[in-house]
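Worksheet for the structure shown next.
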Amino acid sequence: MVAPAAFAAVFDRLGGLPLPIAARELARAGVPVFPCVPGEKIPIVPSGFRRATTDPRRVAGWWRWQPDANIGIPTGAVSGLVVIDVDVHSVDGYASYARAARGGLIPVPLATVTTPTGGQHAYFPAIPGRVQRSWAVGKAGVDCRGDGGYVIAPPSTLRLDGASVSYRVERVAAGVVAPVDAVRLRGFLDPPPPRRPSREGGQASGREDADRLAAWLSRQVKGDRNYKLFWAACRLAEGNVPVSEALDALVRAEQPDFAEREITRTVYSAYRSVNAGAARRERSASASPPAGGFARPDPGSRAGTVRGLG
């Protein structure tokens, strides 16, 4: 697994290196690599990214065999790297990425790479001891390359419309970099649907409810507004208002003592709290016994803990 400082040092030099030398430099820095078809993203070797290695002799042998091979890097625990991939094919992933960064969900990356198609790869250190699997949120234009995935590294190229276009290193962090919590980021980009039915059997007007509570919140005095922000977000969660609409309205409200990051954190905390309570109630209801029977105790309930009966 690569050390972040070593990774940053070698990435800073990749742009001007031939592919065989770049592959060896990455391996020497502790980054496992494997060869891909020249100008493409397809692995050449059997088993693909699972064959990635830092063994200098094997790496040198691969690129003697295929000197124009693109460089693949496996992501996740095997390399210690998680990559957030911003796509621009059908949706502007940069807007989603920027919004998540403003909300405090994306720290400064170890390195930022512009892809041949105009997207971006943002490299982060993996969280030690935690599995962070690859995922894709197409509607946001953002993917995660974690455990079970890989990326193509600079100075590799892709053939596009008859031309070879390179992966380009744009910037490398100079200091200590925090990991990205890919699970939280996915929840922000693709929040789960609300568990509870709409109140009074109808479709709640999410935007109107969010705007109304945001206006009420903006009139509150400074001092206890964090509590009131949490309360307002809980009411929106209970009313089936999508978290994206809640965030849009509450961030727009005039709240000089709150930054967007704190608002985002509080709103997501409220939605998690409401959804967790709904899930517990659903589990309790599904465990209800037939007439005359006994229920299995809910381990999270006071009754189950104290009396041992549901």
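Observations, loosely collected:
- Hey, Asp85 open to solvent by 60 Å² or more (accessible area, probe 1.4 Å) and among the acidic types (Asp, Glu) or not: no
- Any hit, the stretch 87-94, residues being under 30 Å from Leu185 (Cα atoms), within 21 Å of the chain's Cα centre (by Cα) and in a helix (DSSP H, G or I): yes
Condition check ((1) crowded, with 23+ Cβ neighbours inside 10 Å; (2) touching a His at 6+ places or on another chain (Cβ under 6 Å); (3) in a helix (DSSP H, G or I); (4) β-branched (Val, Ile, Thr)) across all residues:
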residue: Arg24; (1), (2), (3), (4): no, no, yes, no
residue: Pro38; (1), (2), (3), (4): no, no, no, no
residue: Lys41; (1), (2), (3), (4): no, no, no, no
residue: Val45; (1), (2), (3), (4): no, no, no, yes
residue: Phe49; (1), (2), (3), (4): no, no, yes, no
residue: Ala60; (1), (2), (3), (4): no, no, yes, no
residue: Ser79; (1), (2), (3), (4): yes, no, no, no
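- Which listed residue is within 27 Å of Thr266 (Cβ to Cβ), among the hydrophobic types (A, V, I, L, M, F, W, C) and touching a helix residue (DSSP H, G or I) at 6+ places or on another chain (Cβ under 6 Å), from Ala140, Ala101: Ala140
- The residues in the stretch 62-77 that are open to solvent by 10 Å² or more (accessible area, probe 1.4 Å) and of a type in the set (Gly, Ala, Ser) can be counted, and the count is 1.
- Some residue of the stretch 189-200 being modelled with pLDDT of 85 or more and either open to solvent by less than 60 Å² (accessible area, probe 1.4 Å) or closer than 27 Å to Arg130 by Cβ (or both): yes
- Scanning the stretch 52-62 for residues that are without any contact (Cβ under 8 Å) to a residue 40 or more places away in the chain and either of a type in the set (A, V, I, L, M) or farther than 17 Å from Leu81 by Cβ (or both) yields a count of 7.
- Unmet requirement for Ser96, which otherwise passes all of (1) crowded, with 22+ Cβ neighbours inside 10 Å; (2) more than 21 Å from Ala52 (Cα to Cα): (1)
- Boolean, Gly30 is in contact with an Asp or Glu (Cβ under 9 Å, 6 or more places away or on another chain) and farther than 25 Å from Gly118 by Cβ: no
- Residue match in the stretch 151-174 (condition: closer than 24 Å to Val37 by Cα, open to solvent by 40 Å² or more (accessible area, probe 1.4 Å), part of a loop (DSSP other than H, G, I, E, B) and in contact with a strand residue (DSSP E or B) (Cβ under 9 Å, 6 or more places away or on another chain)): no
- Selected residue (only one of Asn226, Asn240 is modelled with pLDDT under 85, open to solvent by less than 40 Å² (accessible area, probe 1.4 Å) and either part of a loop (DSSP other than H, G, I, E, B) or polar (S, T, N, Q) (or both)): Asn240
- Residue check for Val131: out of contact with any Lys or Arg (no Cβ under 8 Å at 6 or more places or on another chain), at pLDDT below 95, open to solvent by 20 Å² or more (accessible area, probe 1.4 Å) and in a loop (DSSP other than H, G, I, E, B): yes
The values are calculated or read from the model by the stated rules, or taken from the named source; none is laboratory data. Predicted model only: the values in this text are computed from it and were never measured. Note that we place each Cβ from the backbone using ideal geometry, even for glycine, and neighbour counts take in every protein chain shown. Remember, those area values only see protein heavy atoms, side chains included, never the ligands or the DNA or RNA. Shrake-Rupley method; radii C 1.70, N 1.55, O 1.52, S 1.80 Å.
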